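In what follows, a single structure is set out as structure tokens and then discussed.
The values are calculated or read from the model by the stated rules, or taken from the named source; none is laboratory data. The model shown is predicted, which means the values in this text are computed figures rather than measured ones. Here the Cβ positions follow ideal geometry from the backbone for every residue, glycine too, while neighbour counts run over all protein chains shown.
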Amino acid sequence: MRKIKSFFIVLLAGCTLSAQELSIASPDGNTIVTLTVNDGRPGYSVRHHSAVFLRSSPLGMQTNLGDFTQAMAMETTGELLNIDETYELSSIKKSKVHYRAHERTVRFTQGGRPAFDVQFRVSNNDIAFRYQLLPWNNNLACRVLSEATGFSLPEGTSTFLSPQSKAMVGFARTMPSYEMPYRLDDAMGKNGSENNGYTFPALFKVGKAGWVLVSETGVDSRYCGSRLMGQSGGLYTIGYPMPDENNGNGTAEPGLALPGYTPWRTLTLGATLQPIVETTIVFDVVKPLYGASRDYAGTKGSWSWIMKMDGGTRYDVQKEYIDFSAAMGYETVLVDALWDTQIGKEKIAELARYGAGKGVGLYLWYNSNGYWNDAPQGPRGIMDNTIARRAEMAWMRSIGVKGIKVDFFGGDKQATMQLYEDILVDANEYGIAVVFHGCTLPRGWERMYPNFVSAEAVLASENLHFNQHHCDREAWNATIHPFIRNTVGSMDFGGSALNKFYNAHNTPGRGSKRITSEVFALATAVLFQSSVQHFALAPGNLTDAPSWAIDFMKQVPATWDDVQLIDGYPGKYVILARRKGDTWYIAGINAQQETLKTTISLPMLSAGTPLTMYHDDAQLNGAVKTTRLPKKQHIQIEIPQNGGVVLVNDRR
């Protein structure tokens with residue numbers, strides 16, 4: 001970091017409490033945050049390419065030490081800093097990141113005494129800010145009762161939001177778990193289901209000006225996870241967890257040692273959706289909290305539960321899936337719930353040895369419980385207890401287990417964030433990677449916790465098994481995630497099924513029926529980013545699925561070096577490019593009734609580049625062909641409803 005000239009900052013001299021103003025511009029000068037104090041109330045607004053993206057929006061908070069939302073004054077502190085950093089992280093959408101921003105810390109006082117600082121970072125398409133609460137009247141600890149922090153969208157903005165569920169509802173009282181269906185192109189002025197607000201991330205279309213994505217990052221054991229509360233007039237404010245989350249245990253308000261930081265609130269702005277899809281802001285502003293005890297390389301694997309459910313968690317079935325993973329060239333198998341009673345530790349150790357001989361490691365499922373819900377699946381009563389958890393992890397290390405999947409959390413309180421962190425820290429000590437399910441949104445965790453590899457926090461593939469309704473809407477849902485949920489963190493969806501029917505033997509007429517195409521399944525393996533993938537494939541697919549589909553699923557990467565949005569709209573269609581080394585995978589799917597016919601530009605590839613194209617006809621019959629990128633680097637594609645397309649540049 002280095003200091004830069006202060007012409008980026010304008011502080012009105014001689015200001016009183018009635019009016020103060022200060023502006024911070026991005027490196028390219030096109031994004032401007034203006035901080036204000038009007039009649040003692042702190043706020044800020046945002047302009048991007050001269051258009052208003054946020055109107056005057058409130059700042060401040062109420063604590064048990066005082067109300068810091070009014071009677072405030074603004075001071076400057078320090079210098080304007082130029083942030084210019086690079087880092088590498090293989091588990092996110094871009095393996096090498098160059099982050100540039102301008103940073104300014106602004107102090108707010110009350111009665112002449114410092115109350116809190118606000119640290120703003122403004123980059124060309126991203127804004128991140130957080131509070132540092134300061135000691136007050138010799139107090140060195142506080143409870144934050146509420147935040148005034150808000151986001152006031154211009155009139156005419158439409159919303160693309162997932163409502164927060166009630167607490168202690170759903171299966172075995174395990175919600176909220178970030179699995180509520182999205183509501184797209186909706187009007188402002190609402191507050192979700194039963195006035196419970198909305199989960200992060202939150203996407204808004206600001207009229208003709210563009211798009212803004214609102215989220216948060218840097219949440220750890222020192223704060224709670226937050227949600228957005230809809231107010232009148234286009235205002236959305238930070239809301240804390242519901243008091244009855246986690247069976248009513250733990251406080252809804254976070255506690256802070258003073259001085260202490262809140263998490264970062266983030267905004268990504270763009271005239272198009274491209275900056276939204278490609279942003280890395282949630283990783284840019286956080287740092288690793290500890291070193292990795294081993295290399296947690298990305299992996300692909302298989303998973304019996306999605307087709308065979310609880311009854312498939314048996315020794316012989318898991319051995320079959322180890323053989324299947326080996327045949328696919330995959331590195332892992334996920335052994336799901338009830339292995340403790342239906343297989344047992346001794347036979348799990350035997351499976352681990354068998355898998356090791358074939359180059360396939362195990363991920364083991366665990367219940368997070370605990371006193372916070374009624375989920376009965378075992379193993380239970382281990383991950384919630386430090387002594388039991390560490391003993392279990394020592395056993396896992398002794399037999400070579402690669403990772404764990406911990407399920408059924410159902411809350412965002414600070415005590416729950418402490419549990420997430422404790423599991424991750426202990427697991428790293430024993431060289432174990434961690435996937436969370438039935439859980440909160442990861443908030444910068446790939447960089448903060450090196451052994452965190454993915455989280456569900458989405459209406460994921462299990463629902464395709466449970467209900468035909470979800471199969472019927474699979475394409476609609478799939479076109480949403482690259483624009484919202486998957487923009488801010490790895491998403492463990494567990495999809496890309498090639499079975500036509502969701503049952504153990506792909507038997508017609510049993511269970512829900514997949515209505516999307518095989519090419520659609522291949523496309524989602526590219527569209528959904530997660531450094532650890534356990535696909536919804538089955539051993540029978542080696543013979544009952546097209547050979548070209550199986551061959552693709554063998555070679556599709558689990559980790560990526562770059563991402564570029566080509567085109568799309570949430571709930572309609574998406575066309576996205578990801579790069580691994582020198583190879584680009586361009587994937588598209590379509591949820592609209594009419595066939596999508598479009599010409600896409602591929603400037604990342606040279607004219608004449610050989611391409612392998614996986615495509616569907618009108619009846620969703622997939623095929624593969626080879627072609628070359630035309631001279632102008634444009635190519636025509638057609639995607640029928642529920643179909644897909646994938647193009648891969650020939651590496652020969």
* Asked: From the list Arg314, Arg265, which one is of a type outside the set (A, V, I, L, M, F, W, C) and not assigned by TED's automatic domain parsing to the domain that holds Arg443?
  -> Arg265
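Taking the stated definitions as given, is Ile306 surrounded by 21 or more Cβ atoms within 10 Å (Cβ to Cβ), closer than 30 Å to Ile92 by Cβ, among the aliphatic types (A, V, I, L, M) and without any contact (Cβ under 8 Å) to a residue 40 or more places away in the chain? Explain how you work it out, then say what you get.
Values: surrounded by 21 or more Cβ atoms within 10 Å (Cβ to Cβ): yes; closer than 30 Å to Ile92 by Cβ: yes; among the aliphatic types (A, V, I, L, M): yes; without any contact (Cβ under 8 Å) to a residue 40 or more places away in the chain: no.
For Ile306, the condition - surrounded by 21 or more Cβ atoms within 10 Å (Cβ to Cβ), closer than 30 Å to Ile92 by Cβ, among the aliphatic types (A, V, I, L, M) and without any contact (Cβ under 8 Å) to a residue 40 or more places away in the chain - is not met.
Answer with yes or no whether Gly260 is in contact (Cβ under 8 Å) with a residue 40 or more places away in the chain and buried (at least 16 other Cβ atoms within 10 Å of the Cβ). Reasoning before the result, please.
Values: in contact (Cβ under 8 Å) with a residue 40 or more places away in the chain: yes; buried (at least 16 other Cβ atoms within 10 Å of the Cβ): yes.
For Gly260, the condition - in contact (Cβ under 8 Å) with a residue 40 or more places away in the chain and buried (at least 16 other Cβ atoms within 10 Å of the Cβ) - is met.
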* Structure fact -> Just one listed residue, out of Val317, Val401, Val406, is surrounded by 17 or more Cβ atoms within 10 Å (Cβ to Cβ) and either in a helix (DSSP H, G or I) or free of Cβ contacts under 8 Å to residues at least 40 places away in the same chain (or both), and it is Val317
* Asked: Across the stretch 1-53, what is the number of residues that are at pLDDT 90 or above and either in contact with a helix residue (DSSP H, G or I) (Cβ under 6 Å, 6 or more places away or on another chain) or not in a strand (DSSP E or B) (or both)?
  -> 10
* Structure fact -> All-but-one check, Ser325 against (1) in contact (Cβ under 8 Å) with a residue 40 or more places away in the chain; (2) outside any loop (DSSP other than H, G, I, E, B); (3) under 28 Å from the mean Cα position of the chain (by Cα), failing number (1)
* Asked: So Asp384 fits all but one of (1) assigned to a helix (DSSP H, G or I); (2) free of Cβ contacts under 8 Å to residues at least 40 places away in the same chain; (3) farther than 27 Å from Thr487 by Cβ; (4) not hydroxyl-bearing (Ser, Thr, Tyr); what number is the exception?
  -> (1)
* Asked: Of all helices (runs of 4 or more DSSP H) completely enclosed by the stretch 447-537, which ones contain at least 2 residues that are charged (D, E, K, R) and modelled with pLDDT of 95 or more?
  -> none
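Is it true that some residue in the stretch 304-319 is touching a His at 6+ places or on another chain (Cβ under 8 Å) and either under 20 Å from Met553 (Cβ atoms) or basic (Lys, Arg) (or both)? Spell out how you get there, then give the answer.
Here is the first cut: in the stretch 304-319, the residues touching a His at 6+ places or on another chain (Cβ under 8 Å) are 306-307, 309.
From the residues that got through so far, the ones that are either under 20 Å from Met553 (Cβ atoms) or basic (Lys, Arg) (or both) too are 306-307.
Yes, the stretch 304-319 contains at least one residue that is touching a His at 6+ places or on another chain (Cβ under 8 Å) and either under 20 Å from Met553 (Cβ atoms) or basic (Lys, Arg) (or both).
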* Can Val106 be described as closer than 19 Å to Met417 by Cβ, assigned to a strand (DSSP E or B), aliphatic (A, V, I, L, M) and touching a residue at least 60 places away in the same chain (Cβ under 8 Å)? -> no
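Would the stretch 410-429 turn up any residue that is assigned by TED's automatic domain parsing to the domain that holds Lys345 and in a strand (DSSP E or B)?
no
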* Asked: Does Arg121 qualify as being under 30 Å from Gln529 (Cα atoms), of a type in the set (Lys, Arg) and in a strand (DSSP E or B)?
  -> yes
* Of the residues that sit in the stretch 34-59 and are more than 15 Å from Gly111 (Cα to Cα) and small (Gly, Ala, Ser), which one is surrounded by the fewest Cβ atoms within 10 Å (Cβ to Cβ)? -> Ser50
* Asked: Residues in the stretch 521-567 that are more than 22 Å from Tyr363 (Cα to Cα), of a type in the set (Gly, Ala, Ser) and surrounded by 24 or more Cβ atoms within 10 Å (Cβ to Cβ): how many?
  -> 2
